[in-house]
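Participant: Mind looking over this structure? Questions follow.
The values are calculated or read from the model by the stated rules, or taken from the named source; none is laboratory data. Keep in mind the model is a prediction, meaning the values are calculated, not measured. Backbone-built Cβ (ideal geometry, glycine too); neighbour counts: all protein chains shown.
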Amino acid sequence: MKRLLVYAAAMIVAVATFAWAELGSPTKGHDAIVGTWKLESADYSGQSKATGTIQIKMISKSRYLWVEYDPAKNKTLGSGAGSYVLNGNSYTEHVELLDVSGQGDASVGKDLTFTVKIEGDTLTQTGKIGQIDLKETWKRME
């Protein structure tokens, strides 16, 4: 009986240690999304991204920042920021700031959920923003 209790206690300690280690460190998927990304191509319900503009998305362990700008005019055209949660390939942004030609107020305070796929230095993000079907392809800058 003592031997059974010792084995059970050892198993509980091992499982607890493994679970604690997993909770304390980001998952591989989480590590893969962290970085600075440049938009290479986009489709917004059949409309391509604006030509001549650049979009950058920076993703840390818990937050994101996005900006679109016109390098010829040195002018910001849109920006957004907030927190996010990554669960497998489900990426949910909680919008805290969004300024896109004055149309960002409707999304502030809301969650936008997308599907993400990361292959090498390419991140593909698909989903919906309101009635807009979104498909973006980002390339890692780092």
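Participant: Just for the range 72-103: of the residues that are among the β-branched types (Val, Ile, Thr), closer than 15 Å to Ile129 by Cα and surrounded by fewer than 17 Cβ atoms within 10 Å (Cβ to Cβ), which one is modelled with the highest pLDDT?
Facilitator: Only one residue tops the list, namely Thr92.
Participant: Another one. Could you run through the range 90-113 and say how many residues are touching a Phe, Trp or Tyr at 6+ places or on another chain (Cβ under 9 Å) and touching a residue at least 24 places away in the same chain (Cβ under 8 Å)?
Facilitator: Qualifying residue count for the region: 3.
Participant: Might you let me know whether the range 64-72 holds any residue that is in a strand (DSSP E or B), among the acidic types (Asp, Glu) and touching a residue at least 40 places away in the same chain (Cβ under 8 Å)?
Facilitator: No, the range 64-72 contains no residue that is in a strand (DSSP E or B), among the acidic types (Asp, Glu) and touching a residue at least 40 places away in the same chain (Cβ under 8 Å).
Participant: Could you tell me whether the range 37-49 includes any residue that is more than 24 Å from Gln131 (Cα to Cα) and within 11 Å of the chain's Cα centre (by Cα)?
Facilitator: yes
Participant: If you don't mind, there's one more thing I want to ask. Criterion first (basic (Lys, Arg), modelled with pLDDT of 95 or more and under 16 Å from Val34 (Cβ atoms)) does Lys135 satisfy it? Let's see the steps before the verdict.
Facilitator: Values: basic (Lys, Arg): yes; modelled with pLDDT of 95 or more: yes; under 16 Å from Val34 (Cβ atoms): no.
Against the criterion (basic (Lys, Arg), modelled with pLDDT of 95 or more and under 16 Å from Val34 (Cβ atoms)), Lys135 does not qualify.
Participant: Among the residues of the range 31-44, are any loosely packed, with under 14 Cβ neighbours inside 10 Å, assigned to a helix (DSSP H, G or I) and of a type outside the set (A, V, I, L, M, F, W, C)?
Facilitator: yes
Participant: While we're on this one: Scan the range 59-71 residue by residue and report those that are surrounded by fewer than 16 Cβ atoms within 10 Å (Cβ to Cβ) and under 20 Å from the mean Cα position of the chain (by Cα).
Facilitator: Ser60, Lys61, Ser62, Arg63, Leu65
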